[in-house]
Ligand code: LMG
Ligand code: NDP
Ligand code: PMR
């Protein structure tokens, strides 16, 4: 099934890319996807119809959490095949970069990929989700504990802080504005954590704007510390060596890719996790609960401003 799921990648990828291209010339996200439902070539002529009715789109499904989630969904044997779900999962983390790098459109790479790419993708696919007749339509944006300063992990420097969004408003291009959202000096670890705050704020703003009207459930989550994924590929080898045992034996926050994939798969298709506007987390015994976001990550005024600034940057306003 996992291989079958992988065979979905090119067709859904091209649909999403085509959508993006049609609207404007932005390309921070290659929408790599996987799905657990019947393949495109088994359906009728209309690919868009298949997207609406029979698919889960997962960005960043070539490794780590995205791949493990696709596997967990593909292994689900019951009739409850998930339909009409968008999972914004792809991310990059550049903790050792001394200088910023940029997307083709000139946005700092971490925020461009993790936030702006998903902001645009979710907006472009909203109509498809809206029109789907699947009863539990969902749009999920993966967040993290490290963007939440109400936790110990969120207090490890550098801490997330979007400030007044002056760098983002200036285009995040490092030329006529800072490459950091708050207008400060480039810091790759902070840029990642800031992008996760954006992900969690965006989910809540989507919920406020669209949940009632569309019936789509919007959710974010912290799947646990999946300390061995490709996310840390840019970190120094010593970190990659020590981080998994540190998380396993000291913080006890470690989860395997398989376990994390099952958690995200629950948010995709478990009827008991259908509530909208929620940031899900799991206890050590793997039971899910609605977690509290930090002050900044639940600031509705900041969410609105982030929405408006992001709309301008991706050409939707
Ligand atoms: C920033 O540093 C970087 O500046 C930035 O560029 C970016 O990379 C960012 O978030 C990413 O990090 C963050 C800095 C915060 O954290 C560190 O640098 C941690 C390094 C700790 C170095 C210890 C090395 C020696 C460890 C040997 C022990 C191995 C144990 C393995 C487990 C075996 C189990 C059988 O720094 C701080 O905030 C300092 C706060 C320090 C608080 C210490 C809390 C106690 C935790 C227990 C210590 C265990 C250390 C293990 C470290 C693993 C790597 C994270
Ligand atoms: P991985 O690096 O394994 O997965 C990230 C995925 O994103 C890869 O498939 C990667 O594909 C893809 N990706 C990166 N850039 C792009 C792009 N521009 N377009 C399309 N795809 C892209 O890391 P994880 O599985 O750990 O990360 C998945 C999510 O989980 C992220 O949102 C991360 O923030 C979140 N998370 C992870 C935690 C952890 O402890 N690992 C903890 C909390 C949250 P490719 O390599 O082919 O480019
Ligand atoms: Mg962190 C106390 C629990 C805890 C948890 C659950 C995490 C998760 N971390 C915790 C604690 C600590 N970390 C402590 C005490 C330290 C100082 C030694 C520490 C350090 C640390 C570093 C250097 N942690 C990190 C890094 C990273 O580079 C990772 C990061 O911030 O990426 C942005 C990271 C993480 N810690 C986590 C999680 C989940 C990460 C991965 C990042 C993410 O996806 O959000």
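Throughout, read-outs are computed from the coordinates displayed, never taken from laboratory work. Nothing here was measured: the structure is a model prediction, and the numbers come from that model. Cβ placement follows ideal geometry from the backbone for every residue including glycine, while neighbour counts extend to all protein chains displayed.
Each 10 Å bin from zero holds the following percent of Cα-Cα pairs in segment 90-162: 16, 37, 30, 15, 2. Highest mean packing comes first when the peptides 285-291, 193-199, 255-261, 166-172 are listed by Cβ atoms within 10 Å, giving 193-199, 166-172, 255-261, 285-291. Under the simplified labelling scheme, the residue 285-residue 164 pair shows an inter-label distance of 4.9 nm, with each label point 7 Å from Cα along Cα→Cβ.
The modelled label-to-label distance for the pair residue 308/residue 295, using points 7 Å beyond Cα in the direction of Cβ, is 2.3 nm.
So how do 249, 279, 93 line up by other beta-carbon neighbours within 10 Å, fewest first?
Working: 249 9, 279 20, 93 24.
The most exposed by this proxy come first: 249, 279, 93.
Spacing of the modelled spin labels on residue 150 and residue 176, each 7 Å from Cα toward Cβ, amounts to 3.9 nm.
Computed as a quarter of the hull surface, the mean projected area of the alpha carbon convex hull for segment 187-317 stands at 9.7 nm².
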